[in-house]
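Pasting a structure here, questions to come.
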Amino acid sequence: MIAFGAKCDQLLEARLQVCKPSGKIRGKNPPPGECNPENDSDCCKEGKLYDKYTCSPSVSGRTKAVLTLNSFEKGGDGGGPSECDKKYHSDDTPVVALSTGWYSGGGRCLNNITISANGRSVSAMVVDECDSTMGCDADHDYQPPCANNIVDASKAVWKALGVPEDDWGWLHVTWSGS
């Protein structure tokens, strides 16, 4: 029994190590007016160290994630146009950006995923990467790198999940899809 317990501990430890930070990024204060704090987005802070990731947790039939709020509209806190189609998207359209590992080098671009929470589900199109490897620069709206477990969603996704607007910003969800 002791050997079995030790083996389980080793397996658990190995699983937890699958997606560790790949390094750090040192924050820089954004130039005045260069970080859009819409939707409670964080702006980088001078000298703060931010984790970066090249991976995300394993994808399963119901992958656990954190849903965050993002505007994919021109001038929104998402920054430039979406990576997948080089377009902006209305906040009324159910679209998402996935953390770098889940984005899979664009392999999930323009595919739909199903996001579930709050007793509801919604289908949303993957249009962008929530970059987990870089941040704190102009290309990333002077925001820190995304965590490795983020589904960054438009307002339409939050509405479809029935989340009261006062609670938008951060929510535990599951997602599935191609």
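The values are calculated or read from the model by the stated rules, or taken from the named source; none is laboratory data. Computed from a prediction, not measured in an experiment: that's the story for all the values here. Glycine gets a Cβ as well: all are built from the backbone with ideal geometry, and neighbour counts include every protein chain shown.
Go through the residues of the stretch 148-166 one by one and say whether even a single one is in a loop (DSSP other than H, G, I, E, B) and exposed (fewer than 15 other Cβ atoms within 10 Å of the Cβ).
Yes - at least one qualifying residue is present in the stretch 148-166.
In the stretch 89-103, how many residues are under 20 Å from Asp139 (Cβ atoms) and surrounded by fewer than 17 Cβ atoms within 10 Å (Cβ to Cβ)?
Here the count works out to 0.
Still on this structure, I have one more. Filter the stretch 60-78 for residues that are crowded, with 17+ Cβ neighbours inside 10 Å and assigned to a loop (DSSP other than H, G, I, E, B); which is nearest to the chain's Cα centre (by Cα)? Break it down stepwise before answering.
Within the stretch 60-78, the subset crowded, with 17+ Cβ neighbours inside 10 Å is 63, 65, 67-73, 76-78.
Add one more test, that the residue is assigned to a loop (DSSP other than H, G, I, E, B), and what stays is 70-73, 76-78.
On the way: Asn70: 10, Ser71: 13, Phe72: 13, Glu73: 17, Gly76: 16, Asp77: 13, Gly78: 11 Å.
Among those residues, the one meeting the criterion is Asn70.
Here's something else I'd like to know. Of the numbered conditions (1) in contact (Cβ under 8 Å) with a residue 24 or more places away in the chain; (2) outside any helix (DSSP H, G or I); (3) out of contact with any Leu (no Cβ under 6 Å at 6 or more places or on another chain), Lys86 satisfies every one except a single condition; which is it?
Just one mismatch for Lys86, condition (1).
Might you let me know whether the stretch 57-74 holds any residue that is closer than 16 Å to Met134 by Cβ and acidic (Asp, Glu)?
Within the stretch 57-74 (the criterion being closer than 16 Å to Met134 by Cβ and acidic (Asp, Glu)), the answer is no, since none of the residues qualifies.
Inside the stretch 167-178, can you point out the residues that are part of a strand (DSSP E or B) and either β-branched (Val, Ile, Thr) or surrounded by 14 or more Cβ atoms within 10 Å (Cβ to Cβ) (or both)?
Leu171, Val173, Thr174, Trp175, Ser176, Gly177
Filter the stretch 13-59 down to the residues that are at pLDDT below 90 and within 16 Å of Ala147 (Cβ to Cβ), then identify the one that is surrounded by the most Cβ atoms within 10 Å (Cβ to Cβ).
Ser41
I would also like to ask the following. Identify all residues within the stretch 129-147 that are touching a helix residue (DSSP H, G or I) at 6+ places or on another chain (Cβ under 8 Å) and surrounded by 20 or more Cβ atoms within 10 Å (Cβ to Cβ); write none if there are none. Even if it seems obvious, please write down each step before you answer.
Residues of the stretch 129-147 touching a helix residue (DSSP H, G or I) at 6+ places or on another chain (Cβ under 8 Å): 129-134, 146.
Passing the criteria: Glu129, Cys130, Asp131, Ser132, Cys146.
Which of the numbered conditions does Tyr142 fail, given that it passes all the others? Conditions: (1) assigned to a strand (DSSP E or B); (2) at pLDDT below 95; (3) hydroxyl-bearing (Ser, Thr, Tyr).
All conditions are met except number (1).
While we're here: Determine whether Val126 is among the aliphatic types (A, V, I, L, M), surrounded by fewer than 21 Cβ atoms within 10 Å (Cβ to Cβ), modelled with pLDDT of 95 or more and not in a loop (DSSP other than H, G, I, E, B).
No.
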